[in-house]
2 protein chains.
Amino acid sequence: MSDSDSDSDSGSRPDLDFVQPWFLGPAAENDRLLEDLVVEFLRDHAYWRRNFHPEDGLRISAGARHAPAFLDVQARMRAELHRLSASLKRAVPFFHPRYVGHMTGDLLIPGLVAKLITTLYNPNNVSEEAAPVTLEWELQVGEQLARMFGFAVDDDAEPCAWGHLTSGGTVANYEALWNFRSVRFYGLALQAGAREVGFDPGPVGPAQKELSAYTAWELLNLSIDDTIALRRDVARHLRAHHPPPLFHAFAAAVRAERIESLGTAGFFLKHDLAPPRVLVSSSAHYSWAKGMKVLGLGTAHLVRVAVDDHMRMAVSHLRDELDRAEEGRIPVLAVVGMLGTTEFGTVDPIHAIADERDERRGRGVELGLHVDAAWGGYLTSVFRRPDGSFHGQDEVAEGFRHFPSDTVYRAFQALPRVDSVTIDPHKLGYVPYPAGAFVARNREVVDFITQEAAYVFDLGDETTPRPRRETLHNLGQYILEGSKPGAAAAAVHVTHRVLPLDSQGLGRLLKLTVRACEIFYDSVADIQARLEGRVRLCVPFEPDSNLICLAVNPWDNASAAAMNRFARAVFAHMKVEGHRPVQVKTFIGSYTSLLKSTLPGDQAHRILGGLRLDPDTFRLIPQDPAREADHLFILRHTLMNPWLLAGPDERSYIDHYWDWLEDVVDDVLAGGEWRQG
Amino acid sequence: MSDSDSDSDSGSRPDLDFVQPWFLGPAAENDRLLEDLVVEFLRDHAYWRRNFHPEDGLRISAGARHAPAFLDVQARMRAELHRLSASLKRAVPFFHPRYVGHMTGDLLIPGLVAKLITTLYNPNNVSEEAAPVTLEWELQVGEQLARMFGFAVDDDAEPCAWGHLTSGGTVANYEALWNFRSVRFYGLALQAGAREVGFDPGPVGPAQKELSAYTAWELLNLSIDDTIALRRDVARHLRAHHPPPLFHAFAAAVRAERIESLGTAGFFLKHDLAPPRVLVSSSAHYSWAKGMKVLGLGTAHLVRVAVDDHMRMAVSHLRDELDRAEEGRIPVLAVVGMLGTTEFGTVDPIHAIADERDERRGRGVELGLHVDAAWGGYLTSVFRRPDGSFHGQDEVAEGFRHFPSDTVYRAFQALPRVDSVTIDPHKLGYVPYPAGAFVARNREVVDFITQEAAYVFDLGDETTPRPRRETLHNLGQYILEGSKPGAAAAAVHVTHRVLPLDSQGLGRLLKLTVRACEIFYDSVADIQARLEGRVRLCVPFEPDSNLICLAVNPWDNASAAAMNRFARAVFAHMKVEGHRPVQVKTFIGSYTSLLKSTLPGDQAHRILGGLRLDPDTFRLIPQDPAREADHLFILRHTLMNPWLLAGPDERSYIDHYWDWLEDVVDDVLAGGEWRQG
């Protein structure tokens, strides 16, 4: 056992004690706790039912359960559920520290039980009528997340943030684009609608000039806050000085002019606009490309900004791309920063992107700023004191060796400056699927995307506007999805209540995962030395959080394709195989690929050099598939299990992993199949 | 008790016995059954954990649970869960026959337990690596649904159907549009890509002519099957006669020319196309308008086809709209038929729409055909024999008085002719949220919407195509969402296994709901007579399935606004109020509105006449809100509870409902507040 290892083990002990009650545990150590809670609240549900019109008596008679047909059905049910439970024995043991694969870990007991109980009540958070309790909780979850990021959430704050759950980060990302598009192209519709009905409200908007005096470029480059203010100015003027018929006619004209009505094609054609661009780092999740397709914006307008040697968005490249768009008078719908990439857990410099935004805003060029923190969002809790203030960098660094780097610290600190954030409670919130979330800095954006459904949202006879907090209870009007499980909201809400989103709550648990990653990273040098002459190991990108990848190449091999065969053969040992018992697996990991098409040249040079691969074998279009490849297959480790540092025999699971990897490497080397293409 | 009532009660007895074991029940009659199953399989899960590397020992020590800090956390957890359970006492009693509101009922025990158990394992159906068991089950669910609709699902069938779960019907509807758009504009991209690289594959496609010889209009009007065949023809020719570099160059050129790449704006501009239209009946769910916005197609291009006096799409109007599009050379992306509208449960004449499609196809004009069966999809099981064949109309009609009408019967019969279907297991499948589904007649459509994610979907070194059944296991590549709960798949799968999708399985349960609706409908005459002189009652649209609406107007009132005030006051008695105990409610219903803007004139005339309302008080823009309204507020009843026909005191809950409604009506009439605007 290395010194470093025992050091960190002892340093982590209080935190390990801290997490003991929260999970069922790798050996179901807390099984009684879980069962007691489930049974107690299952019965509570049953007796709740019995308290609703008890005078009605029984619909299923007391004797019914003895009837042969009833018993037969019961037996079939049990057999089918037994079959389910038996099949699930082939499920992936996400809960165990030997699982270091995808972004799924054990479940926090409070969230899990909340989910199970609430499922019995089956509320539908599409509207308050179907979820009087959990819908309010969902909005509170939105506030908890917003507060963690540093957004204002008081009703009298302006802007005031809001957030809600989605089925996952993918849908939250779509919502970001949808929100930006709705607001960004509103000004032009407003102007066109006014022209249509011959209405000019007088001086309005940030420049306090006639609506008709704004140029298209000016309207396209209003910030979200300015667009909201402009709309209010116009509405105020209209209400004060004009009769209702004009109001109706004007509202209808604006609606007809909106991009939602005309479609992107109709709108861009009408205003002779170049399609807007969305800029993401080349390490962004594939849902961004999918979103551009789904929303009809087109992947050709998704600009992938190159990354630096930390796999973070390179600000100089971002600047170039923004300059290019500005010169071409092309609106930038959004720049998307990653807070924890799916592949490497790396963090884009959100602060630098926000600086860039501010500077351009100063000269009348706007860009929406969204952060895809599906993975890393909850790590903000590590930086947040229980009183809501932000920890100093030194305070955060206590107990770590590298974390947080300056960039990482400043990136998290800059979150309150962005327009919206995606975060996945079903990842580092340790709650069951499905639970993603979308959080927006200014809740007034919902006015731009509202839907109406006669059967869900009462039109009312009232003309006085209701408080925003109240209208948000018609949640289905403001989100991409419709029906949605209140049980997910309950799970996240209860989790946030018992493990608050600060450094003494959830942050304490998450620190363990970052520490595990540091120890993994620091021990790579040892394992490199141990495997010298057999394989070369390389960590392509220094970890920013709790994910780490590893390239592994036979010592004398120079062919990218051969390395891929070798690495795949290694990975085969840590791969989930549905047809074999999970018990045969010692460790379970995941993989990713570095693509020739997206990896910057200098990064490719560095990584190929470290692995002693011939650059000529790493090509966009391989000519000789036996030697050449368009990607590098690498091992990927998600270190989110809290028990990684406290393995059997007083050694960490990371040490055990290295031992095991050595055996596998020897095995695959000896087999030699990887040599043949 | 009326004769009709006792008749049906006794007629329903065997079916009522049949459903007894399936639900927890209105008084939690089957509480022991549920608890036993949950505890048994909860333990099975715990001991599964203990069988994964038992040699590792315990991570949470046996003594840990006695430590004060542990006990403290445990107490906080319990307190918080108690708070949750206490709050949920204000949840909506969906499970009870006194709940006739939204489309939510009690949960089938097998699906519920499957959901709870599987949540412990928390599989993620984004890919097989995270869900070795439940992903396969999700695809099987897709097949079960496809088979129920009458699609072919054998691997060697061409086309072969597929389906998968979504978070709900809304997302399934988006997928329908997304699929149509992807396939429909592929031909043009293929032709443009070929032109780009100077490649002509020779005679291809349905006309077996040069690709370049197809006109844009021809390519835009290829069916899904023809587009798939065209793509195959081209690929086959390319592989057989050309070297790999051309293949890569051509593939890249086609990709760049696709609407997914160019965006809708860029694509339509480039090809000088009018934006495509989507036709839905004016009774369609609001998610269709939302979908047009989200996908960037624009609500201006969503054509709302008028309905007939059964609230079904009027085929003559459909024909007019299709003619108009054809004359303008505007592609019709899709016609969407409703199989059970959200507001009235009415069924569009799918057969007539399909006939229309076939006829136009004959002259080279294509329209995608999607059925939004979020509500009514499962009713297909009533028509399906266990052997898979379709019941004759007379057989289905046994035990009913009206159901199925000719239109309804033929509409369900025509399902195999459509391109895709939306269905919500979390509605008439009686499983917990979230569970929607999208089913497509031809699974090869997935080739057109595929995504690639390096870290999830291994690029492999292989060049030989894998069988479709296998590639579908990379589910995340082919769907709109990303991470998704395997627990939902387990719930639906187990439900379908124990209650097969035919007239002897789930259909038997659903028949009870349709029968309840018929009895409700038939008893309206009685209640009209009873309330004569007090209020006028009117069922605006004869029910097609198990939903029924009721307009109620004070006897002498002629003002739409006053009727709305009255009806809202009545509804206030059956409305969920989050701040009051649910126990105070006798019945819980829902409401909807008939909008002046979408209700056809002749329908408005008929309904206003029946209620003796002054047509002048029903206006698009009310001038005097005290008298005039732009909508009619009506009561809506979803009759999906199996125990509606077997209420207390040997009377149905429908009889109890009428008694109660009479009291409420008298109460509100006496109050008189509805008279004042």
**Asked** For A:Asp309, which inter-copy label distances result when the label point lies 7 Å beyond Cα on the Cα-to-Cβ vector, reported in nm to one decimal and in ascending order?
**Response** 8.1
**Message:** For A:Ala62, place a label point 7 Å from Cα along the Cα-to-Cβ direction in every copy; what are the distances to the other copies, in nm, shortest first?
**Reply:** 4.4
**Asked** If you stretched the chain out fully between A:Ile621 and A:Asp17, how much longer would it get, using 0.36 nm times the residue separation minus the C-alpha to C-alpha distance?
**Response** 212.2 nm
**Fill in**
Among trypsin sites (Lys or Arg not before Pro) in the stretch A:587-646, those in a DSSP loop whose Cβ has at most 11 other Cβ atoms within 10 Å are none
**A:Val332 long-range amide H proximity, modeled H, under 5 Å** = A:Arg277
**Request:** Would you mind ranking A:Lys89, A:Lys209, B:Lys511, A:Lys427 so that the residue whose beta carbon has the fewest other beta carbons within 10 Å leads the list?
**Result:** A:Lys209, A:Lys89, B:Lys511, A:Lys427
**Message:** What are the extents of the Cα atoms of the stretch B:507-675 along their three principal axes, in Å, largest first?
**Reply:** 49, 34, 32
**Asked** More than 49 Å apart: what percent of Cα pairs in the protein assembly as shown qualify?
**Response** 31
**Asked** In the protein assembly as shown, with Lys and Arg counted as +1 and Asp and Glu as -1 at Cβ, which of these residues, A:Ser281, A:Gln504, A:Ser87, has the Cα nearest the positive end of the dipole, that is, farthest along it?
**Response** A:Ser281
**Prompt:** Once phi is turned into θ = phi - 60°, what whole-Hz ³J(HN,Hα) does the Karplus curve with 6.51, -1.76 and 1.60 give for every residue of the stretch A:42-47, x standing for Gly and Pro?
**Reply:** 5, 5, 4, 5, 4, 6
**Request:** Once every Cα of chain A carries one equal point scatterer and solvent is ignored, give the base-10 log of I(q)/I(0) from the Debye formula at q = 0.08 Å⁻¹, two decimals.
**Result:** -0.69
**Request:** May I ask you to derive the FRET efficiency for A:Lys89 and B:Glu470 from their Cβ-Cβ distance with R0 = 22 Å, giving the value to the nearest 0.05?
**Result:** 0.45
**Prompt:** A:Asp649 to B:Ala397: FRET efficiency via 1/(1 + (r/R0)^6), r the Cβ-Cβ distance, R0 56 Å, to the nearest 0.05?
**Reply:** 0.20
**Fill in**
Using alpha-carbon coordinates alone, the radius of gyration and Dmax of the stretch A:186-257 in Å work out to 11.1, 31
**Asked** So how strong a dipole does the stretch B:507-675 carry about its Cα centre when Lys and Arg Cβ are +1 and Asp and Glu Cβ are -1, to the nearest 20 debye?
**Response** 460
**Positive-end extreme of charge dipole, the stretch B:186-257 - chosen from B:Ala251, B:Ala207, B:Leu220 (charges on Cβ)** = B:Ala251
**Prompt:** Can you work out ³J(HN,Hα) from phi for every residue in the stretch A:111-121, in order, using Karplus 6.51 cos²θ - 1.76 cosθ + 1.60 and θ = phi - 60°, giving whole Hz and x for Gly and Pro?
**Reply:** x, 4, 5, 4, 5, 5, 4, 5, 4, 4, 8
**Request:** Within the stretch B:92-114, find all residues whose amide N lies under 17 Å from a label point positioned 7 Å from the Cα of A:Leu71 along Cα-to-beta-carbon.
**Result:** none
**Message:** Only counting other Cβ atoms within 10 Å, I'd like A:Thr215, B:Thr299, A:Thr422 sorted with the fewest neighbours first.
**Reply:** A:Thr215, B:Thr299, A:Thr422
**Prompt:** Quick one: label points 7 angstrom along Cα→Cβ at A:Pro243, distances to the other copies in nm, smallest first?
**Reply:** 7.8
**Inter-chain shielding of B:471-484 (mean C-beta neighbours from other protein chains, 10 Å cut-off)** = 5
**Asked** Residue by residue through the stretch A:504-512, which ³J(HN,Hα) values in whole Hz follow from phi under the Karplus form 6.51 cos²θ - 1.76 cosθ + 1.60 (θ = phi - 60°), with glycine and proline marked x?
**Response** 9, x, 4, x, 5, 5, 5, 4, 4
**Request:** Sequence neighbours fewer than 8 away in the same chain don't count; with that in mind, list the lysines whose C-alpha is under 27 Å from B:Lys115.
**Result:** A:Lys89, A:Lys115, A:Lys427, A:Lys484, A:Lys575, A:Lys585, B:Lys89, B:Lys427, B:Lys484, B:Lys511
**Request:** In Å and from the alpha-carbon atoms only, list the Rg and Dmax of the stretch B:221-310.
**Result:** 18.4, 62
**10 Å Cβ shell holding at most 10 others, DSSP loop, GluC sites (Glu not before Pro): longest site-free stretch of chain A** = A:1-397
**Asked** If you count, for every residue in A:72-83, the Cβ atoms of partner chains within 10 Å of its Cβ, what is the mean?
**Response** 6
**Complete:** The exposure ranking of A:Tyr430, A:Tyr657, fewest beta-carbon neighbours within 10 Å first, is A:Tyr657, A:Tyr430
**Asked** Dipole magnitude of the stretch A:186-257 about its Cα centre, charges +1 at Lys/Arg Cβ and -1 at Asp/Glu Cβ only, in debye to the nearest 20?
**Response** 220
**Complete:** With +1 at each Lys and Arg Cβ and -1 at each Asp and Glu Cβ, the charge dipole magnitude of the stretch A:328-371 around its Cα centre, to the nearest 20 debye, comes out at 260
**Fill in**
One would report the antiparallel percent of DSSP beta bridges in the protein assembly as shown, rounded to the nearest 5, as 60
**Fill in**
In deg cm²/dmol, rounded to the nearest 500, the helical mean residue ellipticity at 222 nm of the protein assembly as shown, built from -39500 (n - 2.57) for every DSSP H run of length 4 or more, is -14000 deg cm²/dmol
**Complete:** In the neighbourhood of A:Leu367 defined by beta carbon distances under 11 Å, the net charge of the other residues (Lys, Arg +1; Asp, Glu -1) is -2
**Fill in**
Long-range amide H partners of A:Phe390, meaning residues 5 or more apart or on another chain whose placed amide H is closer than 5 Å, are A:Arg385
**Request:** Please give the net charge around B:Asp225, taking every other residue with its beta carbon less than 14 angstrom from that of B:Asp225, where Lys and Arg add +1 and Asp and Glu add -1.
**Result:** 0
**Asked** What is the gain in length, in nm to one decimal, between B:Glu542 and B:Ala529 on full extension, counting 0.36 nm per residue of separation less the C-alpha to C-alpha distance?
**Response** 2.8 nm
**Antiparallel bridges, percent of DSSP beta bridges restricted to the stretch B:507-675 (to nearest 5)** = 95
**Asked** In nm, to one decimal, how far is the B:Asp666 label point from the B:His605 one, both placed 7 Å along Cα→Cβ?
**Response** 3.9
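The numbers here are math on the coordinates, done by the rules we state, and not lab data. On a predicted model such as this, the values are computed, not experimentally measured, just so you know. Note: ideal-geometry Cβ built from the backbone for every residue, glycine included; neighbour counts use all protein chains shown.
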